[in-house]
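Enquirer: Have a look at the structure that comes next, please.
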Amino acid sequence: MNVLDGRKVANDLLDNLKNEVATLQSQSISPKLVVILVGNNPASLSYIKQKRKACEKTGILWEQINYEESVTNEELIEKIHELNKRNDIHGILVQLPLPDHIFAPDVIKAIDPKKDVDGFTAYNIGKMFLSTDFEDLPPCTPAGIIKMLDYYDIDVAGMDATIVGASNIVGKPLSTMLLNRGATPTTCHIRTKDLKAHTAQADLVCVAVGKRNLITADMVKENVILVDVGCNKDENGKLCGDADFKNIAKKARYITPVPGGVGPMTVACLMENTVKAAKKLHSS
Ligand code: NAD
């Protein structure tokens, strides 16, 4: 069994990006990310802190815009339009979730796809269906998973891959990215009739649901590669994933831990997307 060390892979990626940012700065291009935060959801504050730290580490400039919970759709969209026009900004991120009275798809839609470093706009998601050549600004979590598999020379071509969870930001784009690389993906969700039937035959299982111990050792085959995206708290309040790490690790070929697996890769890919966006905006 091998643990896929997301912290190490992410740190390597951030080191490379730091050099790239320094080169860009020497050409008077200073990659900059703007994060919009509505309210003060503790999970959002913690994610923002990690993103800010990664910016500091790479030299990417950071700007944070805070709004009260009472902000309206229109105010957010107006601000995004203003940020779209600013030449000093290369990445715009709206921290999710947004309060219930805000219609998040409309807010996301307002972001210029060229500055959509989260990779959530329909334009960036849609392009990914064409092929790997069109994955310019992919959603950061699936991109981080692919990068981690690549780092460990895990070639998914020909693999049966079961993705558990079909969200627009993880499960669905991950299925597409695996398909683009020659895997045979099956995407499971809350309405899937027999989850175990799908996980038990898979060479690669990726789980992104948010339910502790959803995937147990009897649900996966010997030598499985297991990628755990889930973020949950255990009975002691410690962060844990969706899979029973301890028991699956005994039979897995590779497994990602939580924490220290997919999470740091997501943040590192956000930095990579910001640098990519800066380069592209300046070259056009
Ligand atoms: P979501 O909450 O939007 O959707 C959950 C998905 O799981 C849905 O498709 C639903 O149908 C499916 N599902 C629910 N119960 C199920 C069950 N019993 N069997 C099979 N499928 C089931 O998902 P999300 O936003 O992708 O988040 C999923 C998890 O991943 C959460 O714990 C979230 O915190 C975590 N997450 C982590 C990162 C990271 O960087 N580590 C990034 C994004 C999300």
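The values are calculated or read from the model by the stated rules, or taken from the named source; none is laboratory data. What you see is a predicted model; the values in this text were computed from it and never measured. Please note: Cβ atoms are built from the backbone with ideal geometry, for glycine as well, and neighbour counts cover all protein chains shown. Accessible surface is based on the protein model in full, side chains and every heavy atom, while ligands, DNA and RNA are left aside. Shrake-Rupley method; radii C 1.70, N 1.55, O 1.52, S 1.80 Å.
Every residue, every condition in (1) part of a helix (DSSP H, G or I); (2) farther than 20 Å from THR187 by Cβ; (3) in contact (Cβ under 8 Å) with a residue 40 or more places away in the chain, yes or no:
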| site | (1), (2), (3) |
| --- | --- |
| ASP118 | no, yes, yes |
| TYR123 | yes, yes, no |
| PHE129 | no, no, yes |
| ASP136 | no, yes, yes |
| THR141 | yes, no, yes |
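Enquirer: Any idea which residue in segment 249-284 is most open to solvent (accessible area, probe 1.4 Å), counting only those that are away from the ligand (no atom under 16 Å from the Cβ) and assigned to a loop (DSSP other than H, G, I, E, B)?
Expert: Selected residue: LYS250.
Enquirer: Pick from ASN236, ASN273, ASN232: which is farther than 25 Å from ARG52 by Cβ and of a type in the set (S, T, N, Q)? Explain how you work it out, then say what you get.
Expert: Values: ASN273 fails: farther than 25 Å from ARG52 by Cβ; ASN232 fails: farther than 25 Å from ARG52 by Cβ.
Selected residue: ASN236, the only one of ASN236, ASN273, ASN232 that is farther than 25 Å from ARG52 by Cβ and of a type in the set (S, T, N, Q).
Enquirer: If I ask for residues that are of a type in the set (A, V, I, L, M) and open to solvent by 40 Å² or more (accessible area, probe 1.4 Å), which ones from segment 173-194 would you list? If you could, list the steps in order and put the result at the bottom.
Expert: Keep residues of segment 173-194 that are of a type in the set (A, V, I, L, M), which gives 174, 177-179, 183, 190.
Correct list: LEU179, ILE190.
Enquirer: Run down LEU24, LEU13 and say which single residue is over 22 Å from the mean Cα position of the chain (by Cα) and not small (Gly, Ala, Ser).
Expert: Details: LEU13 fails: over 22 Å from the mean Cα position of the chain (by Cα).
Residue meeting the stated conditions: LEU24.
Enquirer: May I ask you to list the residues in segment 217-231 that are out of contact with any Lys or Arg (no Cβ under 7 Å at 6 or more places or on another chain), within 22 Å of SER175 (Cα to Cα) and open to solvent by 40 Å² or more (accessible area, probe 1.4 Å)?
Expert: LYS221, CYS231
Enquirer: Taking segment 232-244, which residues are surrounded by 19 or more Cβ atoms within 10 Å (Cβ to Cβ), more than 16 Å from LEU204 (Cβ to Cβ) and within 14 Å of the ligand (Cβ to nearest atom)?
Expert: Filtering segment 232-244 down to residues surrounded by 19 or more Cβ atoms within 10 Å (Cβ to Cβ) leaves 240-244.
Next cut, more than 16 Å from LEU204 (Cβ to Cβ) only: 240, 244.
The answer is CYS240, and nothing else.
Enquirer: So, one more: Find all pairs meeting these conditions: Cβ atoms under 6 angstrom apart; at least six residues apart or on different chains; first residue within segment 38-64 and within 14 Å of the ligand (Cβ to nearest atom); second residue open to solvent by less than 50 Å² (accessible area, probe 1.4 Å) and in a helix (DSSP H, G or I).
Expert: Qualifying pairs under 6 Å: GLN50/VAL267; LYS51/VAL267; ALA54/VAL267; ALA54/MET271.
Enquirer: Follow-up question, since we're still on this one. Among all residue pairs at least 6 apart or on different chains, which show Cβ distances below 9 Å where the first residue, located in segment 209-231, is β-branched (Val, Ile, Thr) and the second is near the ligand (Cβ under 6 Å from one of its atoms) and open to solvent by 50 Å² or more (accessible area, probe 1.4 Å)?
Expert: Hits for this filter: VAL209/HIS189; VAL209/ILE190; ILE215/VAL209; VAL229/VAL209.
Enquirer: Does segment 109-146 hold any residues that are of a type in the set (A, V, I, L, M, F, W, C), open to solvent by 20 Å² or more (accessible area, probe 1.4 Å) and within 16 Å of the ligand (Cβ to nearest atom), and which are they? First the steps, then the outcome.
Expert: Filtering segment 109-146 down to residues of a type in the set (A, V, I, L, M, F, W, C) leaves 110-111, 117, 120, 122, 125, 128-130, 134, 137, 140, 143, 145-146.
Then keep just the ones that are open to solvent by 20 Å² or more (accessible area, probe 1.4 Å); that gives 120, 122, 125, 129-130, 134.
If the condition is that a residue be of a type in the set (A, V, I, L, M, F, W, C), open to solvent by 20 Å² or more (accessible area, probe 1.4 Å) and within 16 Å of the ligand (Cβ to nearest atom), then PHE120, ILE125 are the ones that fit.
Enquirer: Right, something else. Scan segment 155-170 and give yes if some residue there is closer than 23 Å to PRO257 by Cβ, at pLDDT 95 or above and open to solvent by 60 Å² or more (accessible area, probe 1.4 Å), otherwise no.
Expert: Among the residues of segment 155-170, at least one is closer than 23 Å to PRO257 by Cβ, at pLDDT 95 or above and open to solvent by 60 Å² or more (accessible area, probe 1.4 Å), which makes the answer yes.
Enquirer: Within segment 23-50, count every residue that is outside any strand (DSSP E or B) and open to solvent by less than 30 Å² (accessible area, probe 1.4 Å).
Expert: Looking only at segment 23-50, we keep the residues that are outside any strand (DSSP E or B), and these are 23-31, 39-50.
With the extra rule that they be open to solvent by less than 30 Å² (accessible area, probe 1.4 Å), the set shrinks to 24, 29, 31, 39, 44, 48.
Number satisfying all stated conditions: 6.
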